[in-house]
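Visitor: Quick one: this structure, given as structure tokens, is what I'll be asking you about.
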Amino acid sequence: MSSKIDTSWLRESATFSKPVIREIQRAAREGIYDIRGAGAKRTIPTFDDLLFLGASMSRYPLEGYREKCETTVTLGTRFAKKPITISTPITIAGMSFGALSAQAKEALGRGATEVGTSTTTGDGGMTPEERGHSKLLVYQYLPSRYGMNPDDLRKADAIEVVVGQGAKPGGGGMLLGQKISDRVAEMRNLPKGIDQRSACRHPDWTGPDDLEIKVQELREITDWQVPIYIKVGATRTFFDVQLAVKAGADVVVVDGMQGGTAATQDVFIEHVGIPTLPATRLAVDALKDLGMHREVQLIVSGGIRSGADVAKALAMGADAVSIGTAALIAMGDNAPEHEQEYNDLGTTAGFYDDWQDGRDPSGISTQDPDLGERLDPELAGRRVANYLRCLTLETQTLARAAGKTNVRNLEPQDMVALTIEASAMARIPLAGTDWIPGFSGKF
Amino acid sequence: MREFDLQNAEVRLLNQALHGSDLAGQSIEVVNPGGKHNVAAGAQFETQVDIRGHVGYYCAGMNQNARITVHGNAGPGLAENMMSGSVTVKGNASQYCGATAHGGLLIVEGDAAARCGISMKGVDIVVGGSIGHMSAFMAQSGRLVICGDAGESLGDSIYEARIYLRGEPTSLGTDCIEKPMETEHIEELKDLLNKAGIKHDPAEFKRYGSARKLYNFQVDNVGAY
Ligand SMILES: Cc1cc2nc3c(=O)[nH]c(=O)nc-3n(C[C@H](O)[C@H](O)[C@H](O)COP(=O)(O)O)c2cc1C
């Protein structure tokens, strides 16, 4: 609806911006917080605030496309009899069947398998489709324990104990009733059509000392075969990572505040946790402090979109990254071909984030059989594989430019920061200076 | 009969044996458990396991098929996520016994501490004595029988699980209410008490379950959270 008056001179309030006004109106109407999918939308320091220093006089670059730049990573070398080896340092993050359609889960498995990396189950258990199509499948052990059973546990290539998620550290989950199909209900032992809450705490352990025994129990049940990861939302990351190592993790997964979610209160997504950038540095500090860097592998996630993000995370000391939202977009989420339907839902392609409500036109975040049918798992799987290949090539390009024969040889010294904030958070000097705010040691 | 003396042997050895079919159908004696953790975790086959003494955390975790008896007390997380078979404790059980268990029968002849049957998903639990606070929190399905009393907030946010309580609850949790005992319930309770070998008159019990008011979020219920 276009206005009849000239609005070009009107000044929008920075405090009461249009989205803020709209939210107050919505809250007054509905009396309940807004639940949505995706990650934080606010501006935060990210890997974009770092730049690589390519090779020049003092460093020797590698020939693109000719000289090999290794991307293979082995995860779970600390205790597991069978660590897993991925051919690219990019894994698919845990997203539940329930939040996502069976077709989407299958596609993620296909895509990951095609490029030789792992995918992850989620709240709701393991489906035969994803097990069947995933060469390397990480099985999540969550507070809800929906669908948890020892048979699936023993089928997993790794186990990920989820303590928290970046989008909602300290929060539980909610799968709204409209997404509870017969199959989802059965897998979770609950009636169809009711809201399914996922607890925010595990039901049978309360602190890091208990967790250590819990990890041992999981190892006992799986005969010490597979790696055990511990996933935490980024908050008190230094301590959390150290406690995860003490609890016996083979791999620690740190998920930054901008990480995606299927359904969380907007207030939670935007206001709890710390960004992936400082969390990565804190996690590496914690591992180094214990002498466990590279001994216990570190996977970081939350807002990874490009090979640049991957390369910067690795340069800061991570062993691999994990992607959620970007994989959904690669499959077709928010694609312009659904524009009419996005409009019918009151939004537009590029802004759709109602992954909680099950009416996703792309057939990804839905349990509606007709919508789910729209997603061709083979085609979507190929897109995921293409996207992962592209990220890998980009990562190698940057690593070669810095003269590295292995992407994990990238190091903090290969980078500078563009902003004072990023410099302080990443402990990387501000470009053109040797200054790191708050840091007086030797870089 | 096979004997494992945990004073000399690692728990690992016992558990590894319980994951293989070699011992299926046999009876196993575990002596000197000494409060160790994860004793008989992940058993897979129909065996009779007698543990002579006290156990620590997660004894009989994720049990499938085995019949496990602890002749002593059990630490936290006894029979957590059990799938089938049975677990009996002659003494008392600590927190979260039967947590998230999907099936089988858990019998605690003494008392069970807090959060007994938390998030249970189909298991049957019979407690000869009393249970602690927040028991059957978010209990999804299965049946919990308590022959003594229950602590605060029994059955908070309960889904479809059924609770039979002979004594009194200190308080009921959110959305948990008393429900009428019909013949069907008397019958199923009689059957559970029989299986547990505990003698009480089913008529002395009251039944509790979900009022189902919180199944779908409604603004008017926010006060309940
Ligand atoms: C649709 C969706 C469902 C998710 N479900 C889970 C889950 O079941 N368990 C979990 O640990 N994390 C879950 N997450 C979080 C991801 O595992 C991961 O931490 C996050 O997506 C990473 O951030 P990114 O989306 O920016 O890549 C989910 C994320 C999305 C987008």
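Visitor: The range A:1-151: D in µm²/s via Stokes-Einstein (Kirkwood Rh, Cα pairs, 25 °C, 0.890 mPa s)?
Guide: Taking Rh from Cα pairs, D becomes 118 µm²/s.
Visitor: Past the 18 Å Cα-Cα mark, which pairs from A:Lys214/B:Lys36; A:Lys231/A:Lys312; A:Lys214/B:Lys90; A:Lys214/A:Lys288; A:Lys105/A:Lys192; A:Lys135/A:Lys404?
Guide: From A:Lys214/B:Lys36; A:Lys231/A:Lys312; A:Lys214/B:Lys90; A:Lys214/A:Lys288; A:Lys105/A:Lys192; A:Lys135/A:Lys404, over 18 Å: A:Lys231/A:Lys312; A:Lys214/B:Lys90; A:Lys214/A:Lys288; A:Lys105/A:Lys192; A:Lys135/A:Lys404.
Visitor: If you fit an axis through the alpha-carbon atoms of helix B:183-196 and take the longest principal axis of the Cα set of chain B, what angle between them do you get, 0 to 90°, nearest 10?
Guide: 20 degrees
Visitor: While we're on this one: By per-residue mean of other Cβ atoms within 10 Å, what is the highest-first order of A:207-220, A:56-69, A:426-439, A:103-116?
Guide: The peptides rank, most packed first, as A:103-116, A:207-220, A:426-439, A:56-69.
Visitor: Given a Förster radius of 60 Å and the C-beta distance between A:Leu290 and A:Lys4 as r, what FRET efficiency does 1/(1 + (r/R0)^6) yield to the nearest 0.05?
Guide: 0.35
Visitor: If you don't mind, there's one more thing I want to ask. Would you grab the residues whose amide H sits under 5 Å from the one on B:Asp5? Only those 5+ places off in sequence or on another chain, please, with H modelled 1.01 Å from N.
Guide: Answer set, sorted by chain and number: B:Val31.
Visitor: Rank by packing, highest mean first: peptides A:81-88, B:69-76, with packing defined as the count of other Cβ atoms within 10 Å averaged across residues.
Guide: Ranked from most to least packed, the peptides come out as B:69-76, A:81-88.
Visitor: Over all residues in A:209-222, what is the mean tally of Cβ atoms on other chains that come within 10 Å of each residue's Cβ?
Guide: Whole-number average of other-chain Cβ neighbours for A:209-222 is 6.
Visitor: Taking every residue in B:70-77, how many Cβ atoms of other protein chains lie within 10 Å of its Cβ, on average? Walk me through the numbers on the way to the answer.
Guide: Details: counts 0, 0, 0, 0, 0, 1, 6, 8.
So the per-residue partner count for this stretch is 2.
Visitor: Given the convex hull over the Cα atoms of the range A:44-90, what projected area results after averaging over all orientations, in nm²?
Guide: Averaged projected area of the range A:44-90's Cα convex hull equals 6.2 nm².
Visitor: Between A:Lys68 and B:Glu168, with labels modelled 7 Å along Cα→Cβ, what's the label distance in nm to one decimal, could you check?
Guide: So the label points at A:Lys68 and B:Glu168 sit 7.7 nm apart.
Visitor: So the label point goes 7 Å from the Cα of A:Asp357 along Cα→C-beta, right? Which residues of the range A:1-34 then have their backbone N under 18 Å from it?
Guide: Flagged as within label range: A:19-20, A:22-34.
Visitor: So, one more: Applying the Karplus parametrisation 6.51 cos²θ - 1.76 cosθ + 1.60 with θ = phi - 60° to the phi angles of the range B:24-29, what ³J(HN,Hα) value in whole Hz is obtained for each residue in order, glycine and proline being reported as x?
Guide: Karplus values, whole Hz, x for Gly and Pro: 4, x, 9, 10, 10, 10.
Visitor: Tell me the Kirkwood radius of the range A:301-443: reciprocal of the mean inverse pair distance over distinct alpha-carbon atoms, in Å.
Guide: It works out to 17.6 Å.
Visitor: Determine, for A:Trp224, A:Trp355, A:Trp9, the number of other Cβ atoms within 10 Å of each Cβ, and report the residues in order from fewest to most.
Guide: Details: A:Trp224 17, A:Trp355 27, A:Trp9 5.
So the ranking, lowest neighbour count to highest, is A:Trp9, A:Trp224, A:Trp355.
Visitor: Can you work out D for the range A:6-64 in µm² s⁻¹ from Stokes-Einstein, where Rh is the Kirkwood radius over C-alpha pairs, the temperature is 4 °C and the viscosity is 1.567 mPa s?
Guide: 76 µm²/s
Visitor: OK, next. Between A:Thr348 and A:Lys442, what's the calculated FRET efficiency when r is the beta-carbon distance and R0 is 41 Å? Round to 0.05.
Guide: 0.25
Visitor: What is the Rg over Rh value, at two decimals, for the protein assembly as shown, using alpha-carbon atoms and the Kirkwood definition of Rh?
Guide: For the protein assembly as shown, the value is 1.01.
Visitor: From the convex hull of the Cα coordinates of the range B:51-131, what is the mean projected area in square nanometres?
Guide: Values: hull surface 14.8 nm².
Average projection, Cα convex hull of the range B:51-131: 3.7 nm².
Visitor: Then there's this: So what is log10(I(q)/I(0)) for the range B:163-210 at q = 0.20, 0.24 1/Å, when the Debye sum runs over its Cα atoms only?
Guide: -0.67, -0.89
Visitor: Based on the mean of other Cβ atoms within 10 Å per residue, sort peptides B:95-102, B:189-196, B:31-38, B:108-115 so the most packed one is first.
Guide: Packing order, densest peptide first, comes out as B:95-102, B:108-115, B:31-38, B:189-196.
Visitor: Scan the range A:274-341 for trypsin sites (Lys or Arg not before Pro) in coil per DSSP, keeping those whose Cβ has at most 16 other Cβ atoms within 10 Å, and list them by number.
Guide: A:Arg294, A:Arg305
Visitor: Which three extents, in whole angstrom, do the alpha-carbon atoms of chain B cover along their principal axes, largest first?
Guide: Extents along the principal axes, in whole Å: 59, 37, 26.
Visitor: Here is a further query. Fewest to most neighbouring Cβ within 10 Å: what's the order for A:Arg22, A:Arg78?
Guide: Fewest-to-most Cβ neighbours within 10 Å comes out as A:Arg22, A:Arg78.
Visitor: Just from its helices, what would the mean residue ellipticity at 222 nm be for chain A, if runs of 4 or more DSSP H residues each count -39500 (n - 2.57) and the sum is divided by every residue, rounded to the nearest 500 deg cm²/dmol?
Guide: So the helix-based figure for chain A works out to -10000 deg cm²/dmol.
Visitor: Could I ask something else about it? Please compute the Kirkwood hydrodynamic radius over the range A:276-338, one decimal place, Å, based on all pairs of different Cα atoms.
Guide: After inverting the pairwise mean of 1/r, the radius is 12.7 Å.
Visitor: Mind checking B:79-86 for the average number of partner chain beta-carbons within 10 Å of each residue's beta-carbon? Write out the running numbers ahead of the final one.
Guide: Numbers: counts 0, 8, 10, 1, 4, 0, 0, 0.
Taking all residues of B:79-86 together, the mean is 3.
Visitor: On the principal axes of its Cα set, how long, how wide and how thick is the range A:246-318? Give whole Å, largest value first.
Guide: That gives 38, 30, 18 Å along the principal axes, largest extent first.
Visitor: For every other residue with a beta carbon closer than 12 angstrom to the beta carbon of A:Arg305, add +1 if it is Lys or Arg and -1 if Asp or Glu, then tell me the sum.
Guide: Summing Lys/Arg as +1 and Asp/Glu as -1 gives -2.
Visitor: For the range A:39-126, treating each Cα as an identical point scatterer without solvent, what Debye log10 I(q)/I(0) comes out at q = 0.14, 0.15, 0.16, 0.21 1/Å?
Guide: -0.83, -0.91, -0.97, -1.09
Visitor: Under 14 Å from the Cβ of A:His133, count the other residues' Cβ atoms, weight Lys and Arg +1, Asp and Glu -1, and hand me the total.
Guide: Cβ neighbours under 14 Å give a net charge of -1.
Visitor: Could you derive backbone 3J(HN,Hα) for the range B:120-137 from the dihedral phi with the Karplus parameters 6.51, -1.76 and 1.60 (θ = phi - 60°), listing whole Hz in sequence and x where the residue is Gly or Pro?
Guide: 4, 10, x, 6, 9, 10, 10, 10, x, x, 9, 10, x, 6, 6, 6, 6, 5
Visitor: When the Kirkwood radius is taken over all Cα pairs of the range B:108-225, what Stokes-Einstein diffusion coefficient follows at 10 °C and 1.306 mPa s, in µm²/s?
Guide: 114 µm²/s
Visitor: Next question, about the same structure. Write out the GluC sites (Glu not before Pro) in the range A:120-206 meeting two conditions: DSSP loop, and at most 16 other Cβ atoms within 10 Å of their Cβ.
Guide: Sites meeting the loop and neighbour criteria: none at all.
Visitor: Same structure again: Roughly what % antiparallel, to the nearest 5, for the DSSP beta bridges in the protein assembly as shown? Could you put the intermediate results ahead of the total?
Guide: Numbers: 18 of 91 bridges.
Here the share of antiparallel DSSP bridges comes out near 20 percent.
Visitor: OK, next. For the range A:38-426, max minus min Cα coordinate along each principal axis, in Å, sorted largest first?
Guide: The Cα atoms of the range A:38-426 stretch 65, 51, 37 Å along their principal axes.
Visitor: If you count the DSSP beta bridges with both ends in the range B:2-224, what percent of them are antiparallel, to the nearest 5?
Guide: 15 percent
Visitor: Which ³J(HN,Hα) values, rounded to whole Hz and listed in residue order, are derived for the range A:306-321 from phi using the Karplus coefficients 6.51, -1.76 and 1.60 in 6.51 cos²θ - 1.76 cosθ + 1.60 with θ = phi - 60°, glycine and proline given as x?
Guide: Result, rounded to whole Hz: 9, x, 5, 4, 4, 4, 5, 4, 5, 4, 7, x, 6, 9, 6, 10.
Visitor: Just to confirm the filter: which GluC sites (Glu not before Pro) across the range A:277-362 are DSSP coil and have at most 10 other Cβ within 10 angstrom of their Cβ?
Guide: Here no GluC sites (Glu not before Pro) fit, given the DSSP loop and packing criteria.
Visitor: Based on Cβ point charges of +1 for Lys and Arg and -1 for Asp and Glu, what charge dipole magnitude is obtained for the range B:1-131 about its Cα centre, in debye rounded to the nearest 20?
Guide: In debye, rounded to 20, the range B:1-131 gives about 220.
None of the figures in this text is laboratory data; all of them are computed from the coordinates on show. Keep in mind that this is a model prediction, so the values were computed, not measured. In this analysis, Cβ positions are derived from the backbone assuming ideal geometry, glycine residues included, and neighbour counts consider all displayed protein chains.
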